[in-house]
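Engineer: The structure that follows is given in the form of structure tokens.
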RNA sequence: GGGCGAUUAGCUCAGUCGGUUAGAGCGCUUCUCUGAUAAGGAAGAGGUCCCUGGUUCGAAUCCAGGAUCGCCCA
């Protein structure tokens, strides 16, 4: 059946809507899965987005990459289930709702009511669900959104609880401390993102404080910009690599870093002794400061008020001795823990005299003990002054000064943040660090450097996972505790119901907070403790939610354990680069903790999208590109194509509408017009083609190997080439997609389409006009193959082409990806020969341009200088070269004969490794040889003669690969050359050639007139030519050619006088152009008239549709 | 401050194992071709391959240091 007609100017976004409709009608996605029932699984995990904001261009990026590989693998025969997912919990959701409700602190949230607040959160999570769904469908991302998992579902939460109970059973869940940026006014810890929002430059007082060593008159000199942290001091840290000095200064003795003596104390200071960090370690000083209570010494740890080691200590500022307050700094906390002064999972071991509201507790008072600082806000400037005065009064202050620095403030209320140790629940991931590293080794990362770089390095520095959040909208931490300090982790809803008797419809806060049950732990007497257990107030870090998705999405192990097992681990996950610390990590950590293996085999990381100026896109800058804008203007295929092919996706994008438009013009439009060309002429020649249809169907079967060539030999080479070229590209694309290199694969398709359009079709046009079946079969086959190769990239246009040219399976997405036997035969010799022939054409066109000889003017001869393989290749395809260059003959000559002389150069690449240091000598020796002789020997191996060089005592026989031959210009001859290959043109134009050139110009003018007259390509015409007798004579001499080219049935030729009278007056036309003089010749009886000017001669054209 | 990446033509990007004239597309100039293509072809202009050292017969490519930009972490 002939294909339906194609609009060459088809609006692609509009076309895509129709294709979408067809997919819906034919249920193509569903059928593509059903067709792979029972096939091997290839597993994809959807990293769940949150639908509380509009989807942006970066979401399109990740979603199209999440689409291309599953589509490809499906076509390769795998079953690729694609379950959607939504991330529903977390602080961003809460903050959105707080803004909506005008709440600014946790206190206000609690006054509003947790139940109502969480209800708002639940609503807001799906605010933009519809837009997400619509976008997902519009961009052609095939994923099952009807059966998507949602982290807020009861089933999901229960699986998360199960996971935590498993982890607890392994003894890996504990309560410890975490130092967090904390806003004492809002009572909230801030995420790093929020902290980054609130940096301000401020001036704080900084103080140098003397800490007297026990039993000595020497003092450690420490420096701090936060005097309020001094009551929390328990140690002083030294840098292990730093050299220290004992100095005399104004009658006192201080210890500080040797490198800082002068900067801190000036030139008055006298260095008494130099000592290493080791000599200071373990020294004790007098404490506490400002505090009535000191922490207890711990078994096996350093006692309080000792000098300990800290890697982070530098000599960039301060004194090289750092005051350590573990409650108020993460480094402080870590070094104190490393020194055994505190225990992470023992909250009692930490000295923290600051309350949650940011005021001191009763333990803090003046140094002499005379008054209390209880209730004072620690960042109050007045308090700071009092503390400093107190130090001074007690002889502990060396100096104070003002220090300007950038300090974080609460982005909501502007209060300076404090770093503050808060109780938090942890997973002891450090225990499985080695297992995670081992798991990472089994993963293929794209790009590869992530594996041992960003991700691997980060894994090596793994610290325990701070799991809990003091928030409201999240999976509740399933930890219950009784008054005796016993802890129980609940692993299922059934267990909770059984223990408590309470059955909840919703296990979120606040409902779950009310559930109590008797403590099951063994008491001191061996009997169950039985004290009432209450749930701890925290919820779980949302990253744990998403990390649990491999099983939680199926509600495993409670339900569908088999589904989980069949889909674990994933073959493929794909997210933005920032997920290395996010989802990529949480998936790996959870899977390692529970199953001791990596949850994915291949990871593709995507980069950031920047605007055209390289600025990060953000709503606040207003430089975002809305996806809908792109989709409406250019369409989904164009959007996808840009992301796939403009660059490697992990490098990030400089994004602009123009860049997408370029892809449309250069690729999609080119493909479309090649397809249009095929359909146009297939329909124009339909009767003729139908006559041989049986042959075509048998030769271009769906997946079977086709015969190498079609009947007829005129162009059989081009056909074989096009098919071979397409087969080679198909193999390359499969290889690249298997390596997750969509960029290289896509670019290869573009090159193929360009070759088909600008070489195959261009050189074969006449065969399509003539209705040659082999040409149609070849182009159809190539286009169908392209549609399959392109299907994962641009699923819309690919499906349209397939549907119109074949359509047997209902969609290209139900086809197999063409590999192996399904591909046409390769002919590598022919591909190479064609490349050489095209180079010859390039040279010949260059020679024409140089001689200002228009291509339309035939020339007598092209002289091609080539030897050996090159010559054989060009000879094989000389007919193509001849036509393309528009010459009567192609003549071959050996290089030595007439057109040029060879130059010979050493091939460094080959000889370098052989001669090494002597390479320059070898190059000289080769340059000294007679190039013609080298060429003769090397190219044709005349008479078994060999050539040798001798360098530094080494003999070497030259082979063809050892030298590079180039042509040198002959005297006074104009040729184009490249390498060992040149083309010269015979420029003499005799009368015969001139007349043929004029005949071609006439044809060209008539073709323009046909177009101006609005005729269809297959319309036959009656034509009358008049004007300059020389042109009429040329037309007469090439009468048959002229009639054939212009589909003229009746041709009338007239003299100049007639032409003038027919037109009234002769108009000067533009060379090669024409001017319409009549109406539409196609429609009415009035003939179309115009005049043209050829070589300065006038031609009058009058034509009408034959039979009209 | 740490980890990772990037830096090649006016712009967007390739560049294989280190090989001697560093490429493509877009844009620009000139010419040309066109019975599918807002296309195509030829020629031209346009380069401190971020910088400095080093390794090597030979470095855009490998090594070290530095600069700038970006991401992540602190």
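The values are calculated or read from the model by the stated rules, or taken from the named source; none is laboratory data. Keep in mind that this is a model prediction, so the values were computed, not measured. Counting neighbours? That spans all protein chains shown, and the Cβs are built from the backbone with ideal geometry, glycine included.
Engineer: Can you name the residue in the range A:658-669 that is in contact with a helix residue (DSSP H, G or I) (Cβ under 7 Å, 6 or more places away or on another chain) and over 12 Å from residue A:635 (Cβ atoms) and, of all such residues, is farthest from RNA strand B (Cβ to nearest atom)? So that I can check it myself, show each step before the final result.
Structural biologist: Pass one, the range A:658-669, residues in contact with a helix residue (DSSP H, G or I) (Cβ under 7 Å, 6 or more places away or on another chain): A:659-660, A:663-664, A:667-668.
If we keep only those that are over 12 Å from residue A:635 (Cβ atoms) as well, we get A:659, A:667.
On the way: A:659: 6, A:667: 10 Å.
This residue is A:667.
Engineer: Additional query: Could you please let me know if residue A:868 is within 30 Å of residue A:921 (Cα to Cα) and surrounded by fewer than 17 Cβ atoms within 10 Å (Cβ to Cβ)? First the steps, then the outcome.
Structural biologist: Values: within 30 Å of residue A:921 (Cα to Cα): yes; surrounded by fewer than 17 Cβ atoms within 10 Å (Cβ to Cβ): yes.
For residue A:868, the condition - within 30 Å of residue A:921 (Cα to Cα) and surrounded by fewer than 17 Cβ atoms within 10 Å (Cβ to Cβ) - is met.
Engineer: Restricting attention to the range A:361-379, and to residues there that are surrounded by 14 or more Cβ atoms within 10 Å (Cβ to Cβ), free of Cβ contacts under 8 Å to residues at least 40 places away in the same chain and assigned to a loop (DSSP other than H, G, I, E, B), which single residue is farthest from the chain's Cα centre (by Cα)?
Structural biologist: Restricting to residues being surrounded by 14 or more Cβ atoms within 10 Å (Cβ to Cβ), free of Cβ contacts under 8 Å to residues at least 40 places away in the same chain and assigned to a loop (DSSP other than H, G, I, E, B), the top hit is A:374.
Engineer: Just one of A:744, A:731, A:748 is part of a helix (DSSP H, G or I), surrounded by fewer than 18 Cβ atoms within 10 Å (Cβ to Cβ) and within 12 Å of RNA strand B (Cβ to nearest atom); which is it?
Structural biologist: Details: A:731 fails: within 12 Å of RNA strand B (Cβ to nearest atom); A:748 fails: surrounded by fewer than 18 Cβ atoms within 10 Å (Cβ to Cβ).
Step by step, each of A:744, A:731, A:748 is checked, and only A:744 is part of a helix (DSSP H, G or I), surrounded by fewer than 18 Cβ atoms within 10 Å (Cβ to Cβ) and within 12 Å of RNA strand B (Cβ to nearest atom).
Engineer: Further question on the same structure: Checking the structure you have, find out if any residue of the range A:400-423 is exposed (fewer than 15 other Cβ atoms within 10 Å of the Cβ) and part of a loop (DSSP other than H, G, I, E, B).
Structural biologist: yes
Engineer: Within the bounds of the range A:987-1008, is there any residue that is modelled with pLDDT under 85, outside any helix (DSSP H, G or I), within 30 Å of residue A:842 (Cβ to Cβ) and touching a helix residue (DSSP H, G or I) at 6+ places or on another chain (Cβ under 6 Å)?
Structural biologist: Checked against the condition, which is being modelled with pLDDT under 85, outside any helix (DSSP H, G or I), within 30 Å of residue A:842 (Cβ to Cβ) and touching a helix residue (DSSP H, G or I) at 6+ places or on another chain (Cβ under 6 Å), the range A:987-1008 yields at least one hit.
Engineer: Here's a follow-up. Please go through (1) touching a helix residue (DSSP H, G or I) at 6+ places or on another chain (Cβ under 6 Å); (2) within 16 Å of RNA strand B (Cβ to nearest atom) for residue A:5 and return the number of the only condition it doesn't satisfy.
Structural biologist: Among (1) touching a helix residue (DSSP H, G or I) at 6+ places or on another chain (Cβ under 6 Å); (2) within 16 Å of RNA strand B (Cβ to nearest atom), residue A:5 violates only (1).
Engineer: What number of residues in the range A:1016-1055 are at pLDDT below 85, farther than 19 Å from residue A:1087 by Cα and in contact with a strand residue (DSSP E or B) (Cβ under 6 Å, 6 or more places away or on another chain)?
Structural biologist: The qualifying residues number 0.
Engineer: Any residue at all in the range A:109-130 that's touching a residue at least 40 places away in the same chain (Cβ under 8 Å), farther than 23 Å from residue A:510 by Cα, surrounded by fewer than 19 Cβ atoms within 10 Å (Cβ to Cβ) and out of contact with any helix residue (DSSP H, G or I) (no Cβ under 9 Å at 6 or more places or on another chain)?
Structural biologist: yes
Engineer: Mind listing whichever residues of the range A:824-852 are at pLDDT below 85 and assigned to a loop (DSSP other than H, G, I, E, B)?
Structural biologist: A:852
Engineer: Then there is this: Could you check, for the range A:184-196, whether at least one of its residues is within 16 Å of RNA strand B (Cβ to nearest atom), over 18 Å from residue A:387 (Cα atoms) and either over 51 Å from the mean Cα position of the chain (by Cα) or in a strand (DSSP E or B) (or both)?
Structural biologist: Yes.
Engineer: Please verify whether residue A:387 is crowded, with 18+ Cβ neighbours inside 10 Å and either more than 30 Å from residue A:265 (Cβ to Cβ) or out of contact with any helix residue (DSSP H, G or I) (no Cβ under 6 Å at 6 or more places or on another chain) (or both), treating the condition exactly as stated.
Structural biologist: no
Engineer: Surrounded by 23 or more Cβ atoms within 10 Å (Cβ to Cβ), more than 9 Å from RNA strand B (Cβ to nearest atom) and modelled with pLDDT of 85 or more: does that describe residue A:585?
Structural biologist: Considered against the rule, which asks whether it is surrounded by 23 or more Cβ atoms within 10 Å (Cβ to Cβ), more than 9 Å from RNA strand B (Cβ to nearest atom) and modelled with pLDDT of 85 or more, residue A:585 comes out as no.
Engineer: (1) at pLDDT below 90; (2) within 10 Å of RNA strand B (Cβ to nearest atom); (3) buried (at least 20 other Cβ atoms within 10 Å of the Cβ): which one isn't true of residue A:767, the others all being true?
Structural biologist: Among (1) at pLDDT below 90; (2) within 10 Å of RNA strand B (Cβ to nearest atom); (3) buried (at least 20 other Cβ atoms within 10 Å of the Cβ), the lone unmet condition for residue A:767 is (2).
Engineer: Follow-up question, since we're still on this one. Within the range A:464-576, which strands (runs of 3 or more DSSP E) (wholly inside it) include 2 or more residues that are out of contact with any helix residue (DSSP H, G or I) (no Cβ under 7 Å at 6 or more places or on another chain)?
Structural biologist: By residue number, A:479-482, A:487-489, A:532-535.
Engineer: Under the condition of being over 19 Å from residue A:1106 (Cα atoms) and in contact with a helix residue (DSSP H, G or I) (Cβ under 6 Å, 6 or more places away or on another chain), which residue from the range A:1032-1051 is surrounded by the fewest Cβ atoms within 10 Å (Cβ to Cβ)? Walk me through it before giving the result.
Structural biologist: Initial filter on the range A:1032-1051 (over 19 Å from residue A:1106 (Cα atoms)): A:1032-1038.
From what is left, the residues that are in contact with a helix residue (DSSP H, G or I) (Cβ under 6 Å, 6 or more places away or on another chain) are A:1034-1035, A:1037-1038.
Working: A:1034: 26, A:1035: 25, A:1037: 15, A:1038: 19.
Result: A:1037.
Engineer: Oh, and also: Condition test on residue A:300, is it under 21 Å from residue A:397 (Cβ atoms) and modelled with pLDDT under 85?
Structural biologist: So residue A:300 fails the test.
Engineer: Tell me which of these residue A:337 doesn't satisfy, since it passes every other one: (1) in contact with a helix residue (DSSP H, G or I) (Cβ under 8 Å, 6 or more places away or on another chain); (2) within 16 Å of RNA strand B (Cβ to nearest atom); (3) over 22 Å from residue A:258 (Cβ atoms); (4) in contact (Cβ under 8 Å) with a residue 40 or more places away in the chain.
Structural biologist: Checking residue A:337 against (1) in contact with a helix residue (DSSP H, G or I) (Cβ under 8 Å, 6 or more places away or on another chain); (2) within 16 Å of RNA strand B (Cβ to nearest atom); (3) over 22 Å from residue A:258 (Cβ atoms); (4) in contact (Cβ under 8 Å) with a residue 40 or more places away in the chain, the one that fails is (4).
Engineer: When the range A:438-459 is examined, which residues are found to be without any contact (Cβ under 8 Å) to a residue 24 or more places away in the chain and away from RNA strand B (no atom under 14 Å from the Cβ)?
Structural biologist: Matches in the range A:438-459: A:438, A:441.
Engineer: Identify all residues within the range A:269-297 that are touching a helix residue (DSSP H, G or I) at 6+ places or on another chain (Cβ under 7 Å), at pLDDT 85 or above and in a strand (DSSP E or B); write none if there are none.
Structural biologist: A:271, A:274
Engineer: Only one of A:331, A:267, A:317, A:311 is surrounded by fewer than 21 Cβ atoms within 10 Å (Cβ to Cβ) and without any contact (Cβ under 8 Å) to a residue 12 or more places away in the chain; which?
Structural biologist: A:267
Engineer: Still on this model: Specify which of the listed residues (A:567, A:554) is more than 16 Å from RNA strand B (Cβ to nearest atom), modelled with pLDDT of 95 or more and either under 25 Å from the mean Cα position of the chain (by Cα) or closer than 22 Å to residue A:438 by Cα (or both).
Structural biologist: Going through A:567, A:554 in turn, the sole match is A:567.
Engineer: Are there any pairs, at least 6 apart or on different chains, whose C-beta atoms fall under 6 Å, with the first in the range A:901-920 and touching a residue at least 60 places away in the same chain (Cβ under 8 Å) and closer than 15 Å to residue A:949 by Cβ and the second more than 6 Å from RNA strand B (Cβ to nearest atom) and in a strand (DSSP E or B), and if so, which?
Structural biologist: A:904/A:963; A:904/A:965; A:905/A:964
Engineer: Further question: Output the residues belonging to the range A:8-32 that are closer than 21 Å to residue A:134 by Cβ, surrounded by 13 or more Cβ atoms within 10 Å (Cβ to Cβ) and within 16 Å of RNA strand B (Cβ to nearest atom).
Structural biologist: Passing the criteria: A:12, A:13, A:15.
Engineer: Name the residue, out of A:597, A:579, that is closer than 30 Å to residue A:433 by Cβ and out of contact with any strand residue (DSSP E or B) (no Cβ under 9 Å at 6 or more places or on another chain).
Structural biologist: Numbers: A:579 fails: out of contact with any strand residue (DSSP E or B) (no Cβ under 9 Å at 6 or more places or on another chain).
Residue meeting the stated conditions: A:597.
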